[in-house]
């Protein structure tokens with residue numbers, strides 16, 4: 001079973017060497033690293049050429065004629081990968097040494113699984129591990145309690161936890177995902193995980209196989225939270241889609257907001273993607289059901305607070321299905 005790495009770069013000179021070195025330092029070698037650069041103006045291309053001179057049979061560098069941005073750049077890189085398992089890779093993170101070996105072993109043993117992602121550490125610009133809770137920690141905690149999580153419902157109705165930096169999938173699965181839909185605040189990693197989860201071929205590793213860097217130039221973030229028992233409890237409640245009771249007022253607010261955003265997202269997917277239209281139409285019905293259920297609960301448990309919230313939301317067109 002051969003592996004490819006799809007690495008997208010854009011002005012990534014600051015952390016690029018650490019990311020690439022962590023790939024080259026794996027306990028199981030990768031077979032190719034396909035890089036699509038999106039018009040870097042710093043020393044990114046010079047760094048890449050240095051590695052290509054050292055490893056000419058592994059590095060395949062493509063420079064875009066025009067800026068594609070993240071989603072379409074990854075679509076291009078994935079399309080150029082030739083091997084059985086494709087690993088997605090950001091330009092500023094660090095992989096643990098056993099990542100590739102563990103993933104490949106899992107794919108060999110589980111032929112029904114098309115895509116996987118994992119838990120990870122948060123690090124700062126100096127590689128220090130951050131004292132935080134991550135969205136992946138919450139899914140890992142849930143997985144301890146329920147080994148058969150409904151990943152599709154979590155991703156679709158609560159929020160995406162599948163980060164591209166930790167993701168790998170079979171090349172044979174790519175045709176079921178391309179082309180990637182492209183619209184604001186929707187990314188390729190969520191799309192891949194959503195499709196795989198819909199087909200019951202997605203898995204999450206609770207173990208931490210990468211270091212996810214937080215820095216000021218990140219294109220995508222939003223996975224780190226304050227490390228406190230209260231925040232962890234809140235997040236566990238938030239991600240427990242089937243538990244309609246014992247939630248705080250803020251929990252209900254966030255869930256209704258997330259469901260309203262999911263509703264809009266599914267409407268856009270129906271309009272912009274030719275893939276899985278019937279799925280997204282069915283999703284709208286499920287979201288409506290959940291939205292009405294949670295609205296009934298918040299009205300029942302917090303009637304006065306909900307009264308004023310509803311007035312504000314009507315004015316701001318917030319937490320509405322439209």
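The values are calculated or read from the model by the stated rules, or taken from the named source; none is laboratory data. Because the structure is predicted, anything quoted here is derived from the model rather than measured. Methodologically, a virtual Cβ is constructed for each residue, glycine included, from the backbone with ideal geometry; neighbour enumeration extends over all protein chains shown.
Yes or no, residue by residue, for (1) modelled with pLDDT of 95 or more; (2) buried (at least 19 other Cβ atoms within 10 Å of the Cβ); (3) more than 23 Å from residue 139 (Cβ to Cβ):
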site: 236; (1), (2), (3): no, no, no
site: 245; (1), (2), (3): no, no, no
site: 255; (1), (2), (3): no, yes, no
site: 259; (1), (2), (3): no, yes, no
site: 297; (1), (2), (3): no, no, yes
site: 307; (1), (2), (3): yes, no, yes
site: 316; (1), (2), (3): no, no, yes
Some residue of the range 62-70 being surrounded by 17 or more Cβ atoms within 10 Å (Cβ to Cβ), part of a helix (DSSP H, G or I), in contact with a helix residue (DSSP H, G or I) (Cβ under 9 Å, 6 or more places away or on another chain) and in the same structural domain as residue 163 (by TED's automatic domain parsing): yes
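Go over the candidates 130, 88, 194, 178 one by one and state the one that is free of Cβ contacts under 8 Å to residues at least 60 places away in the same chain and either under 17 Å from the mean Cα position of the chain (by Cα) or not assigned by TED's automatic domain parsing to the domain that holds residue 264 (or both).
Details: 130 fails: free of Cβ contacts under 8 Å to residues at least 60 places away in the same chain; 88 fails: free of Cβ contacts under 8 Å to residues at least 60 places away in the same chain; 178 fails: free of Cβ contacts under 8 Å to residues at least 60 places away in the same chain.
Just a single option satisfies the conditions, and that option is 194.
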In the range 4-28, residue nearest to residue 66 (Cα to Cα) [restricted to those that are part of a helix (DSSP H, G or I) and in contact (Cβ under 8 Å) with a residue 12 or more places away in the chain]: 16
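Has the range 101-117 got at least one residue that is in the same structural domain as residue 210 (by TED's automatic domain parsing), under 19 Å from residue 16 (Cα atoms) and in contact with a strand residue (DSSP E or B) (Cβ under 6 Å, 6 or more places away or on another chain)? I'd like the intermediate steps shown before the answer.
Step one: filter the range 101-117 for residues in the same structural domain as residue 210 (by TED's automatic domain parsing), giving 101-117.
Pick out the ones that are also under 19 Å from residue 16 (Cα atoms) and you get none.
Within the range 101-117, none of the residues are in the same structural domain as residue 210 (by TED's automatic domain parsing), under 19 Å from residue 16 (Cα atoms) and in contact with a strand residue (DSSP E or B) (Cβ under 6 Å, 6 or more places away or on another chain).
Looking only at the range 11-35, how many residues end up being farther than 20 Å from residue 170 by Cβ and touching a strand residue (DSSP E or B) at 6+ places or on another chain (Cβ under 7 Å)? Please lay out each step first, then the result.
From the range 11-35, those farther than 20 Å from residue 170 by Cβ are 11-22, 24-25, 27, 35; that's our starting set.
Narrowing further to those that are touching a strand residue (DSSP E or B) at 6+ places or on another chain (Cβ under 7 Å): 15-16, 18-19, 22, 35.
Adding up the residues that qualify gives 6.
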Test: residue in the range 262-275 that is touching a helix residue (DSSP H, G or I) at 6+ places or on another chain (Cβ under 9 Å) and not in a helix (DSSP H, G or I): yes
Count of residues meeting criterion [in contact with a helix residue (DSSP H, G or I) (Cβ under 6 Å, 6 or more places away or on another chain) and in a loop (DSSP other than H, G, I, E, B)] in the range 276-319: 2
Residues that are in a helix (DSSP H, G or I) and either outside the structural domain of residue 204 (by TED's automatic domain parsing) or under 19 Å from residue 71 (Cβ atoms) (or both), drawn from the range 152-167: 155, 156, 164, 165, 166
The range 209-229, residues that are modelled with pLDDT of 90 or more and crowded, with 19+ Cβ neighbours inside 10 Å: 209, 210, 211, 212, 213
Filter result for the condition that a residue is assigned by TED's automatic domain parsing to the domain that holds residue 151, touching a residue at least 60 places away in the same chain (Cβ under 8 Å), farther than 30 Å from residue 226 by Cα and not in a strand (DSSP E or B), over 46, 82, 50: 82
